[in-house]
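The structure appears below as structure tokens.
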Amino acid sequence: MRSRVIGAALFGVGVLALVFAGGLAFVVAPQAERLPYDLERTQSVAEAPNARFMQITNGKAEVNQATLRSTITVQPDAKETAKLDGSLDGNAVVWLVGQEVIRTDTKALISAYSTSLALDRKSGAAQQWDKQWLDTGSNRQSVNYSGQIYKFPFGTEKKTYEIFDRDINTTQPARFVKTEQINGLETYQFTQEIRDATQPLPADRLQLLVGQLVPGATTGRVSYSNTRKVWVEPTTGQFVKVEETQSKKLVGDNGQETVILDAVFTYTDDAIARSADTAGSNRQLLQMVNLWGPLALAVIGLVLVIVGLLMALRRPRVATVGGSVPEPRRGSGRHADTGPAGDADPGRDGPQKADR
């Protein structure tokens with residue numbers, strides 16, 4: 001009786017473990033692979049040693065050379081996220097992003113922008129949202145974001161993705177190149193090539209630059225090229241390393257041109273280490289929820305169910321006197337095994353038969 005009670009208890013615990021395994025795999029795991037609403041404020045820093053760049057001081061534009069440092073800050077906008085409705089409600093999160101580029105020797109500000117955008121919580125891609133904006137320092141303007149910008153999808157695949165480029169306000173394909181170990185973490189490298197695209201500028205700003213940097217030209221354009229390499233941790237879709245080889249030329253309508261940017265921006269070692277550490281920790285958490293947790297619970301549950309069934313269905317042992325069942329004695333045919341009344345007395349029956 002006691003074994004049946006224990007078996008039933010083990011069976012119940014095993015079933016409960018299987019239920020938890022299914023809940024972890026099919027309910028908790030899909031929610032874990034989404035951008036959180038309470039994302040902590042993060043920063044990524046990249047530097048471009050010996051860069052050539054245009055610097056405007058008191059309205060005068062000139063081309064200088066120094067090391068540039070770019071800092072991008074990302075933080076969630078809980079207030080705007082709470083206002084999302086329709087298909088975006090519950091499926092998107094609003095981020096506030098800002099970038100500053102300074103020269104490291106004088107700390108002078110070279111360029112800056114701030115922006116607000118909505119990202120899909122699963123794919124990390126920019127979503128259509130009527131309140132998104134971009135401010136490059138002169139004025140706040142509307143922008144139509146799309147594609148990947150600051151993050152790749154959870155479960156990044158070895159395929160081509162569209163990455164949005166802020167300088168030309170559109171997406172360009174980034175193809176998968178290879179896998180690479182960075183700080184002990186496996187990453188996917190993607191490369192985006194932009195060649196001789198035109199960077200849009202306000203007419204008055206463009207005219208100012210042409211007048212100062214391309215003598216003799218009446219108008220012109222900014223020719224923009226960029227080879228963007230992104231190393232992504234595939235489970236989380238987080239950027240671990242970014243490298244951008246940027247080139248900008250001011251081309252006048254008279255055929256003359258001036259290089260206004262020639263720089264290779266790469267995440268600093270500290271930025272790479274922090275990104276790899278964060279991505280590695282998040283990867284372990286996701287694997288625990290998606291794989292190891294459900295698998296462990298399923299194995300434990302199955303073992304307990306089987307053991308519980310075996311114990312509950314086992315037949316009880318028959319209790320006996322003295323610990324064993326007595327074997328019947330072999331009699332002479334006169335019910336010799338029926339007890340004292342049937343016992344034969346050789347000392348009595350034998351002589352009587354002999355006298356006859």
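Every read-out reported here was derived from the displayed coordinates using simple, explicitly stated rules and does not represent laboratory data. These figures come from a predicted structure and were not determined experimentally. Using ideal geometry, Cβ is built from the backbone for each residue, glycine included, and neighbour counts are taken over all protein chains shown.
Quick one: net charge of GLU186's neighbours, Cβ under 9 Å, K/R +1, D/E -1? Intermediate results must be reported in sequence, preceding the final value.
Numbers: positive: none; negative: GLU180, GLU233.
Net charge around GLU186: -2.
For a straight C-alpha distance cut-off of 13 angstrom, the aspartates and glutamates reachable from LYS131 (same-chain residues fewer than eight places away being disregarded) are ASP77, GLU80, ASP85.
Could you work out the local net charge near GLY147, counting Lys and Arg as +1, Asp and Glu as -1, over the other residues with Cβ closer than 10 Å to its Cβ? Around GLY147, the charge tally is -2.
For each pair in LYS122/LYS241; LYS83/LYS241; LYS122/LYS229, compute the distance between the two Cα atoms and list the pairs where it is over 30 Å. Checking Cα-Cα distances, LYS83/LYS241 exceed 30 Å.
Taken as Cα centroids, the stretch 68-124 and the stretch 148-214 sit 16 Å apart, rounded to the nearest whole angstrom.
Taking Cα centre as origin and charging only the Cβ of basic (Lys, Arg, +1) and acidic (Asp, Glu, -1) residues, the dipole magnitude of the stretch 33-267 rounds to 180 debye. Listed by Cβ neighbour count within 10 Å, with the fewest neighbours leading, SER281, SER146 appear as SER281, SER146.
A simple count of charges around ASN226, restricted to other residues whose Cβ falls under 13 Å of its Cβ and scoring Lys, Arg +1 and Asp, Glu -1, yields -1. Computed from backbone phi with θ = phi - 60° and the Karplus coefficients 6.51, -1.76 and 1.60, the 3J(HN,Hα) list for the stretch 166-183 is 5, 6, 10, 6, 7, 9, 9, x, 10, 8, 5, 10, 5, 9, 8, 7, 10, 6 Hz; x is used for glycine and proline.
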